[in-house]
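The structure appears right after this line, and notes come after that.
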Amino acid sequence: MRRLLTAVVLSVFASLVFGAAAYPQEPGNLPEGKKIAAVLYDYPGKLPDSMEDVTGVHKGEAFSGKTIRESIKLLYLKGIFETITVEGSDTPEGVIITYRLVPKIRVVKIKIHGNDSLSKKKILEKVALKERDFIDSALINKTRDNIIKLYRDEGFRDAEAVLKVSQLNRLE
């Protein structure tokens, strides 16, 4: 007798967190050696106070494209940003540098729906992503494949797994 198609929906709830992949972008056509008037950070949340220590770019120092490129590499190594762009503007007071930082998304909660045949515990053992991990498409695909294999090993040949990533409302 053929078993019914079983679908497991795994919801991964995500939250924006201070998190890194960066793409070096140097402020164009700014005068080398001109004083840095301000270093600004555009980030949706609170940054650590030590951000200028990480970048090595400080107000009052001489502007250098090389220093900006190095700062992007250092931020990239932190592993907490999805993208990093740097913009600069030349003002009478000096160069204003703005880092635009987009955080990586972190898993906050994992929910399983539609699992009538197997226990949540058994399914969760096959989930490659864990709470507090950064969202990674390779791990999402691996999780889906793991769950489908689990169901097929249990005799559900037509099993499907649908994984949804959704952003948690910060009030939840």
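Miscellaneous remarks
- Within the stretch 75-91, the set of residues being of a type outside the set (Asp, Glu) and under 19 Å from Phe134 (Cβ atoms) comprises Leu75, Tyr76, Leu77, Lys78, Gly79, Ile80, Phe81, Thr83, Ile84.
- Residues that are at pLDDT 90 or above and in contact with a Lys or Arg (Cβ under 9 Å, 6 or more places away or on another chain) were ranked within the stretch 54-76; the one that is farthest from Lys35 (Cα to Cα) is Lys59.
- Conditions (1) at pLDDT 85 or above; (2) out of contact with any strand residue (DSSP E or B) (no Cβ under 6 Å at 6 or more places or on another chain): number failed by Gly45: (1)
- Lone qualifier among Lys104, Lys130, Lys126 - being touching a helix residue (DSSP H, G or I) at 6+ places or on another chain (Cβ under 6 Å) and either buried (at least 18 other Cβ atoms within 10 Å of the Cβ) or closer than 30 Å to Ile84 by Cβ (or both): Lys126
- Residues of the stretch 36-57 satisfying the condition of being of a type in the set (Asp, Glu), farther than 14 Å from Ile97 by Cβ and surrounded by 10 or more Cβ atoms within 10 Å (Cβ to Cβ): Asp53
- Any hit, the stretch 65-75, residues being outside any helix (DSSP H, G or I) and not basic (Lys, Arg): no
The values are calculated or read from the model by the stated rules, or taken from the named source; none is laboratory data. Quick caveat: nothing in here was measured; it's all calculated off a predicted structure. Cβ sites come from the backbone with ideal geometry, for glycine too, and all protein chains shown count toward neighbours.
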